[in-house]
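Below is one structure, written out as structure tokens, with a few remarks after it.
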Amino acid sequence: MPLMHVASANRMRSMKPDAQRAQVYLALIGGADGIIWWIWPPCRADNWATIKLLAAEMRKLSPVLTEPPAPTKVRWEPAALRDTVQVRAIQRNDITFLLAANAVETAATVQIKLPASAKPRAPGWFENRVMQITGGAFSDRFEGYDRHVYEIHGQWPTSEEITLQIKLDQPGREDPVHRAAPLEDELLLDPGCESDLYWSFDSTDAVPQVAYKRLDEGTRMSGRRSLFSERTGAGKSATYPGRWVTLKPHTRYSFGGWARLESVGEAQAGLYLESPSGEVRRATEMTISNYAPWRQYGTVFATDEQTVLARPVVRFHSGIGRLWADDFFLVEASDRCRNMIVDGGFEGPTAQPGSPRWWFDRYGLTSAGQIGGPDALWGLDRSEHYQGKQCLRMTNPLTDIGPADAHPVAEQRLAPGLVLHQGRSYVFSFYLKGDRPDLALSAFAGSWYSYHQFKATDGWQRYSFPYTPENDETQPFVRVDLLGQGKVWLDEVQFEEGTEPTECRDWEE
Ligand SMILES: [Ca+2]
Ligand SMILES: [Ca+2]
């Protein structure tokens, strides 16, 4: 039966070109007979260029890829790394093509041992190089999400094994998304996971000896230790809950922590805040990437009208392997910060080069490749700003207003859990500058019910729109749409309670 792989990505987390390439090669290694790209990702210039490259590579490979399917036997050494580098052998005439891809972000050095001898020279396709095979083996380097295609002049029965001896690099450490502010009040007890007094290991629902904790002094972010758990078999789950803390009503919080996972077989692990009933606060749940660097996972959320208890939890749901977590944080948006928008000044971390985290262009598909690249139609601008060092630039190249969504937008959904209350006053404000007078724009100030059309000028000016919900608004968002042809710069975006906009303050993640 033909298998068609539909390449796609979550709109909230766009895919970088290396991951996009690995996605396609892993599908081909898995036996896909065709690739379809769904509506994602033509809005990003680098994804668009990668589609072009991948299509050209597959075109060149098509005589190989259309050979009748045959199994590839692979042995991984060590076996625990069997979910990292993948390989498929395809025989064509007297050649064996090896398609190989690294499924994870951590780089690896791989010794590839063939079950038969081959001619010493093995061209590496698409990379203009030649591998040297000695004694039926050769070694190669796989960066994170890397792919290689080898043309091996030799063959063996499909029942014989290719051995991949894999050595992973040290995982490294990413830049944080949340940096503790000087006056920030940390709410968690022992956020650095240094003591058993505050973090208890819970494996009551796991098979004994299958999930266990260990003091791991070698792998940590801070202090002497991290939270460490290991699963050696198919038990249920292993969790580390921290101590309970009280969350105030109607309050915005930032929550997260550092973690790292090395696991095989349906690996699943996450961190989240839990309520006393054992329920997960969905808005705080974050999945830990497998075989990735030490990464800080962070999010924002808001509480409703109740005072509630919550505790941080790191949970190893499934898979066999090891999990580390350290340096959690749970902080309240400071009282000084009226702004319900995260990174309204566009100075914070980026989701992709040139593209701010938390902000989305949504349906602004004016043309392919509008984000990124030298003449990006949407993204961070460092040459103009009202405050700080940068702002968001949006360009609409269309001469007239096309289909309803065919224009650039800047949108942010407000913190999950945040409710705009019936009858209360809110105000949405921002600074905006156009490249010409009389630019047509519109704004949504918290809801679909608060829609405003306005004109911009060619100088920085503050615009503000009030909103008093007629009913509680449970999925609030703000959005600025550039309807007319031209270019605008947007900065200091704020959404706050009250009737008049106050000085813009950034709520940092
Ligand atoms: Ca620590
Ligand atoms: Ca700014």
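The values are calculated or read from the model by the stated rules, or taken from the named source; none is laboratory data. Model, not experiment: these values are computed from the prediction. Note that we place each Cβ from the backbone using ideal geometry, even for glycine, and neighbour counts take in every protein chain shown.
State which residue is farthest from D18 (Cα to Cα) when the search covers only the stretch 126-137 and only residues that are in contact with a strand residue (DSSP E or B) (Cβ under 8 Å, 6 or more places away or on another chain) and surrounded by fewer than 19 Cβ atoms within 10 Å (Cβ to Cβ).
That would be G136.
So, V64, is that one assigned to a strand (DSSP E or B), in contact with a strand residue (DSSP E or B) (Cβ under 6 Å, 6 or more places away or on another chain) and modelled with pLDDT of 95 or more or not?
Values: assigned to a strand (DSSP E or B): no; in contact with a strand residue (DSSP E or B) (Cβ under 6 Å, 6 or more places away or on another chain): yes; modelled with pLDDT of 95 or more: yes.
No; evaluated as a whole, the condition is false for this residue.
Are any residues in the stretch 305-351 out of contact with any strand residue (DSSP E or B) (no Cβ under 7 Å at 6 or more places or on another chain) and more than 18 Å from G256 (Cα to Cα), and if so, which ones?
Scanning the stretch 305-351 gives E305, Q306, D335, R336, E347.
Among residues belonging to the stretch 162-188 that are surrounded by 15 or more Cβ atoms within 10 Å (Cβ to Cβ) and modelled with pLDDT of 95 or more, point out the one that is farthest from V314 (Cα to Cα).
I162
For the stretch 316-323, indicate whether the set of residues that are modelled with pLDDT of 95 or more and either within 28 Å of L380 (Cβ to Cβ) or crowded, with 22+ Cβ neighbours inside 10 Å (or both) is non-empty.
Among the residues of the stretch 316-323, not one is modelled with pLDDT of 95 or more and either within 28 Å of L380 (Cβ to Cβ) or crowded, with 22+ Cβ neighbours inside 10 Å (or both), which makes the answer no.
With the requirement that a residue be within 16 Å of ligand 2 (Cβ to nearest atom) and either at pLDDT below 95 or touching a helix residue (DSSP H, G or I) at 6+ places or on another chain (Cβ under 8 Å) (or both), what does the stretch 459-509 give you?
E503, C504, R505, D506, W507, E508, E509, listed by residue number.
When residues of the stretch 320-343 are filtered for being farther than 20 Å from Q296 by Cα and β-branched (V, I, T), how many remain?
Looking only at that region, the number is 2.
Can you name the residue in the stretch 257-298 that is touching a His at 6+ places or on another chain (Cβ under 9 Å) and not aliphatic (A, V, I, L, M) and is also modelled with the lowest pLDDT among such residues?
E266
Quick one: is A101 at pLDDT 90 or above and crowded, with 20+ Cβ neighbours inside 10 Å?
So A101 passes the test.
Taking the condition crowded, with 20+ Cβ neighbours inside 10 Å and assigned to a strand (DSSP E or B), does K455 pass? Let's see the steps before the verdict.
Numbers: crowded, with 20+ Cβ neighbours inside 10 Å: no; assigned to a strand (DSSP E or B): yes.
Against the criterion (crowded, with 20+ Cβ neighbours inside 10 Å and assigned to a strand (DSSP E or B)), K455 does not qualify.
So which of F328, F301 ends up being at pLDDT 90 or above, surrounded by 23 or more Cβ atoms within 10 Å (Cβ to Cβ) and more than 16 Å from ligand 2 (Cβ to nearest atom)?
F328
Of all strands (runs of 3 or more DSSP E) completely enclosed by the stretch 105-180, which ones contain at least 1 residues that are over 30 Å from F346 (Cα atoms) and touching a Ser or Thr at 6+ places or on another chain (Cβ under 9 Å)?
Where strands (runs of 3 or more DSSP E) fall fully within the stretch 105-180 and carry at least 1 residues being over 30 Å from F346 (Cα atoms) and touching a Ser or Thr at 6+ places or on another chain (Cβ under 9 Å), they are 108-113, 129-132, 137-142, 147-152, 161-168.
Suppose we filter F201, F228 for residues that are over 17 Å from E266 (Cα atoms), at pLDDT 85 or above, within 16 Å of ligand 1 (Cβ to nearest atom) and in contact with a strand residue (DSSP E or B) (Cβ under 8 Å, 6 or more places away or on another chain); which single one remains?
Answer to the selection: F228.
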